[in-house]
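The values are calculated or read from the model by the stated rules, or taken from the named source; none is laboratory data. From a predicted model like this one, the values you see are computed outputs, not experimental measurements. When we count neighbours, we look across all protein chains shown, and the Cβ atoms used for this are built from the backbone with ideal geometry, even at glycine.
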Amino acid sequence: MRDEGITLRPLFGGRGDDASASSMPLLLAGPCSAESEEQVEATARDLAALGIRYFRAGIWKPRTRPGSFEGVGARGLKWLRKSASRHGMVPLTEVANAAHLRAALRAGIRNFWIGARTAANPFAVQELADVFASLPEEEKADISILVKNPVNPDLELWIGALQRLNAAGVQRLGAIHRGFGAYGETIYRNRPEWRLPIELKRRIPALPVICDPSHIAGRRGLVEQVARQAVAMDFDGLILECHCNPEAALSDKEQQLTPQELSQLLPTLSKRTGGEASAALKAFREEIDAIDAEIVVLLARRMAVADEIGELKRKEGIPVLQPERYCSLMERRVEEAEKLGLSPQFMRKVFSTIHDESVGRQINPSGNNEK
């Protein structure tokens, strides 16, 4: 199937465990970092006993500051492949540059993910794509790559990374939603911004999109909540950080589950397989469609009035932006919305967007206000 110029084939070669054919999502699990041969083996053994088929482990770790644990390097590739093979699992690791990729290929690894920092850098993605492009066709056909979202919420950059790899001949592609960086206090390590992966799926319907609850949550206590929400939203799979002894982990110990904790989470992750919508649900959907149509008409009317106001302001030399009126309007609308059971945060987003569009039309009445 071809969307956004991307041609796709089944991820991981369609090895009989396609998530769409099962009540369980596709599951990938393993430690944030491969730290020792013993740690990799113990984690792989316990995960295999839970039925996990795809075993992930970081070999090279991009750290924000120098001096922290940056991975064991290429020697860990042998541990990863050996333990995965012993337990009938498929190994995956992260690659960030051509040297990583070539070393992993030499070690027999054929499944990779590209991290958020790398996905944000078109030069780095192209470097990896060039290595893939140089491979023989039969070797390229056996490779699967998952691309994490860029650090910042930039859908075009995310799609661009997928397109670069696809243009190099890689067709077994998927995306990983790991949340987006945000400044300031937040309950999550990385804000989910669920609308971005939803829009990605709309743009490329055949693309498998996998959620990374570990990196969104940032702490064990939130992983289950995020995982269950992703499954309820029909993500194609989950990639989870799982360590045989998280307290001793050399990276991201706060967000890694033990195999035992994962075993308790798995029964809660069945996908919804409800089939055709009921008559009641269809009726609700029809009602929502009708309301949405009314909203569009009302917005068009509001913008028409904003256009007339803009023309009047130009004639009378009045500044377009009126901060005091905007603040007063916002507070009134939020207060009204709260009385009707709507959240203040939601209404501020809605009216901020409406106000931005109104101001843009008044500033540039005949132009395109899209950024």
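Does Pro213 satisfy the criteria of being surrounded by 22 or more Cβ atoms within 10 Å (Cβ to Cβ) and not aromatic (Phe, Trp, Tyr)?
yes
In segment 338-349, which residue that is aliphatic (A, V, I, L, M) and surrounded by 13 or more Cβ atoms within 10 Å (Cβ to Cβ) is nearest to the chain's Cα centre (by Cα)?
Going through the qualifying residues, I end up with Met347.
Please go through segment 267-285 and give me each residue that is at pLDDT below 80, assigned to a helix (DSSP H, G or I) and exposed (fewer than 10 other Cβ atoms within 10 Å of the Cβ), ordered by number.
Result: Ala279, Ala280.
Quick check on Asn111: is it surrounded by fewer than 20 Cβ atoms within 10 Å (Cβ to Cβ), in the same structural domain as Leu28 (by TED's automatic domain parsing) and either in contact with a Leu (Cβ under 8 Å, 6 or more places away or on another chain) or not acidic (Asp, Glu) (or both)?
Here the answer is no, as Asn111 does not meet what is asked.
Sort out which residues of segment 201-228 are among the hydrophobic types (A, V, I, L, M, F, W, C) and not in a helix (DSSP H, G or I), and write them in order of number.
Listed by number, the residues that qualify are Ile204, Ala206, Leu207, Val209, Ile210, Cys211.
Exactly one condition in (1) β-branched (Val, Ile, Thr); (2) at pLDDT 90 or above; (3) surrounded by 11 or more Cβ atoms within 10 Å (Cβ to Cβ); (4) farther than 30 Å from Leu26 by Cα is not met by Thr353; state its number.
Among (1) β-branched (Val, Ile, Thr); (2) at pLDDT 90 or above; (3) surrounded by 11 or more Cβ atoms within 10 Å (Cβ to Cβ); (4) farther than 30 Å from Leu26 by Cα, Thr353 violates only (3).
Out of all the residues in segment 54-74, which are surrounded by fewer than 20 Cβ atoms within 10 Å (Cβ to Cβ) and touching a helix residue (DSSP H, G or I) at 6+ places or on another chain (Cβ under 9 Å)?
Pro62, Gly73, Ala74 - these are the residues of segment 54-74 that are surrounded by fewer than 20 Cβ atoms within 10 Å (Cβ to Cβ) and touching a helix residue (DSSP H, G or I) at 6+ places or on another chain (Cβ under 9 Å).
Go over the candidates Ala107, Ala167 one by one and state the one that is of a type in the set (A, V, I, L, M) and closer than 22 Å to Phe55 by Cα.
Residue meeting the stated conditions: Ala107.
Every residue in segment 172-200 that is out of contact with any strand residue (DSSP E or B) (no Cβ under 9 Å at 6 or more places or on another chain) and assigned to a loop (DSSP other than H, G, I, E, B), please.
Tyr183, Gly184, Glu185, Thr186, Ile187, Tyr188, Arg189
From the set of residues in segment 309-331 that are surrounded by fewer than 11 Cβ atoms within 10 Å (Cβ to Cβ) and of a type outside the set (A, V, I, L, M, F, W, C), which is nearest to the chain's Cα centre (by Cα)?
Pro323
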